[in-house]
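A.B. asks: Attaching a single structure in structure tokens format; questions to follow.
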Amino acid sequence: MKELIKNITELYGPSGREHEVREFIKKEIEDYVDEIKIDKLGNLIAIKKGHSGKTILFDAHMDEIGVVVTHIIDGGFLKIEQVGGQFPLNLVGARLNFKGRIGVVGIEGETDKELRENYKNVSLDNIYVDIGVSSKEEAEKYAPIGTFGVFADGFVDYGEYCLSKALDDRIGCASLIETIKQMKDNKHTVIFAFTVQEEVGLVGAFVSAYDYNVDRAIAIDVTDSLDTPKALKRMSMKLGYGPCIKIKDLASVSDREVVDWIKDTAVNNNIKYQLEVLTLGGTNAAGYQRTKSGIPSCTISIPTRYIHSPHEMICYSDVVDTVELILALSEADF
Ligand SMILES: [Zn+2]
């Protein structure tokens, strides 16, 4: 699965510009599923039919956080706005990929005092992107206003630990692709929703279940890992201890019965798991809860360090365990 993770994380796919990722996933899975379609918003929906009469949906979002060019100033430097939740501090010094043209983020400051102050208060107002051109006209050729950019850093494999941009949420996509390939005769009908625009407000998830009668929806996404020096002390998730079953985050409270079902399934199949209460953030589970007449929902999260930075880190064994858990859920009675 490492090759798959490398290939899918390195693709360009900010919110609303997920086409490369969608094409890649479609090619990977089309020979393994009974039905496949792309809806009007760009969600890729694949179905593997079961025989229990029940339907479960697993979701992973295809988009990654990014930036968009808002203005080109003299000298051909770009000013940008965020697409999804960007911490401006993570942008300083980072490489950004504007559809193939790589830029580097610099910080403004005309005096020593101003520069120091800007470093203390980095914002989208006091940074710029340098794409290696000398004029506005030249910059317009490569990255006109409205061009989306993403982090440019590639995949690093340390064995158990892996580092990449966009593990949020390509690691969820990779887990579902691997699940589809390993799945034999599933008991429940399983819908795999590879959704668009999660990072700008769970957009894809609000519509992807609309044409189906889904009994339970589970988002596969990343969550914070608090096992680094002086990390937030109130939470317990860490790398290498298995997938996290979400109890709650800022956007949703997981359905109690679905949580118990996932927990029991993990126990019955000897899959290690963690319980997660995230004091920030949210996932597509919040979208599924609020769609149609309501779908009981939960999130299975893969613990990840440095979320929304150019270098996110996961533990490979957590991904393997997540795939096992998804496969087991496709067979587990409820
Ligand atoms: Zn995210």
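A short reminder: the numbers here are calculations on the coordinates, not readings from a lab. The structure presented is a predicted model; accordingly, all values stated were derived computationally and were not measured. Note: ideal-geometry Cβ built from the backbone for every residue, glycine included; neighbour counts use all protein chains shown.
A.B. asks: Would you pull out the residues with amide H under 5 Å of S254's amide H, same chain only if 5 or more places away, H placed 1.01 Å from N?
C.D. replies: Those lying under 5 Å, H to H, from S254 are K248, D249.
A.B. asks: Separate question: Helix 256-268 versus the longest principal axis of the chain: what is the Cα-based angle in degrees, 0 to 90, to the nearest 10?
C.D. replies: Roughly 80 degrees, rounded to the nearest 10.
A.B. asks: A further question on this structure: Take peptides 169-175, 67-73, 121-127 and line them up by average Cβ neighbours within 10 Å, highest first, as a rough protection proxy.
C.D. replies: Per-residue mean Cβ counts within 10 Å order the peptides as 169-175, 67-73, 121-127.
A.B. asks: Between Rg and the Kirkwood Rh of the stretch 1-72, both from Cα atoms, what is the Rg to Rh ratio?
C.D. replies: 1.05
A.B. asks: Follow-up. Which ³J(HN,Hα) values, rounded to whole Hz and listed in residue order, are derived for the stretch 168-173 from phi using the Karplus coefficients 6.51, -1.76 and 1.60 in 6.51 cos²θ - 1.76 cosθ + 1.60 with θ = phi - 60°, glycine and proline given as x?
C.D. replies: Ordered by residue, 3J(HN,Hα) equals 7, 10, 5, 5, x, 4 Hz.
A.B. asks: Put a dot 7 Å past each Cα toward the Cβ at D130 and K113; how far apart are the dots in nm?
C.D. replies: Here the modelled spin labels are 2.6 nm apart.
A.B. asks: Kindly provide the chymotrypsin sites (Phe, Trp or Tyr not before Pro) of the stretch 63-158 that DSSP labels as loop, not H, G, I, E or B, and whose Cβ sees at most 15 other Cβ atoms within 10 Å.
C.D. replies: Filter output for the stretch 63-158: Y158.
A.B. asks: Any chance you could give the angle, 0 to 90 degrees and rounded to 10, that helix 19-29 forms with the longest Cα principal axis of the chain?
C.D. replies: Compared with the principal axis, the helix lies near 30 degrees.
A.B. asks: Now for a separate question. If you filter the stretch 129-213 for GluC sites (Glu not before Pro), then keep DSSP loop positions with at most 15 other Cβ within 10 Å, what is left?
C.D. replies: Of the GluC sites (Glu not before Pro), the ones in loops of the stretch 129-213 whose Cβ has at most 15 other Cβ atoms within 10 Å are E160.
A.B. asks: Something else: Rounded, prolate or oblate: which fits the stretch 66-151, taking a ≥ b ≥ c as square roots of the Cα gyration tensor eigenvalues, rounded meaning a/c under 1.5, else prolate when a/b beats b/c?
C.D. replies: Judged from the Cα gyration tensor, the stretch 66-151 comes out oblate (a/c at least 1.5, b/c at or above a/b).
A.B. asks: Using the Karplus curve 6.51 cos²θ - 1.76 cosθ + 1.60 with θ = phi - 60°, work out ³J(HN,Hα) for each residue of the stretch 131-146 in order, rounded to whole Hz, and write x for Gly and Pro.
C.D. replies: Ordered by residue, 3J(HN,Hα) equals 9, x, 10, 10, 9, 4, 4, 5, 4, 4, 5, 8, 8, x, 3, x Hz.
A.B. asks: Taking a ≥ b ≥ c as the square roots of the Cα gyration tensor eigenvalues, with a/c under 1.5 meaning rounded and otherwise prolate when a/b beats b/c, else oblate, which class fits the stretch 149-226?
C.D. replies: Since a/c reaches 1.5 but b/c is at least a/b, the shape of the stretch 149-226 is classed as oblate.
A.B. asks: In addition: What ³J(HN,Hα) values, in whole Hz, does the Karplus curve 6.51 cos²θ - 1.76 cosθ + 1.60 give for the stretch 277-294 when θ = phi - 60°, with x put for Gly and Pro?
C.D. replies: 10, 9, 8, 8, x, x, 9, 4, 4, 5, x, 5, 4, 9, 9, 6, 9, x
A.B. asks: Could you give the distance between the Cα centres of the stretch 92-139 and the stretch 142-212, to the whole Å?
C.D. replies: 29
A.B. asks: Is the chain rounded, prolate or oblate when judged by the Cα gyration tensor, a ≥ b ≥ c being the square roots of its eigenvalues, rounded requiring a/c under 1.5 and prolate requiring a/b larger than b/c?
C.D. replies: Note, shape of the chain comes out prolate.
A.B. asks: Out of the GluC sites (Glu not before Pro) in the stretch 26-111, which ones are loop residues according to DSSP with at most 16 other C-beta atoms within 10 Å?
C.D. replies: Here the sparse-neighbourhood loop sites are E30, E108, E110.
A.B. asks: I'd like to know how the stretch 1-156 sits against the 2.2 N^0.38 Å rule of thumb: what's its Cα Rg over that expected value?
C.D. replies: Normalised Rg, Cα atoms only: 1.31.
A.B. asks: Test of understanding: ordering V196, V258, V156 by Cβ neighbours within 10 Å, fewest first, what list do you get?
C.D. replies: Arranged by neighbour count, lowest to highest, V196, V258, V156 become V156, V258, V196.
A.B. asks: Same structure again: Taking a 19 Å limit on the Cα-Cα distance, which of the listed pairs K6/K27; K54/K184; K120/K165 fall beyond it?
C.D. replies: K120/K165
A.B. asks: Would you please give the residues with an amide H less than 5 Å from that of Q274, counting only those at least 5 places away or on a separate chain, with H modeled from the backbone geometry?
C.D. replies: C244, I245
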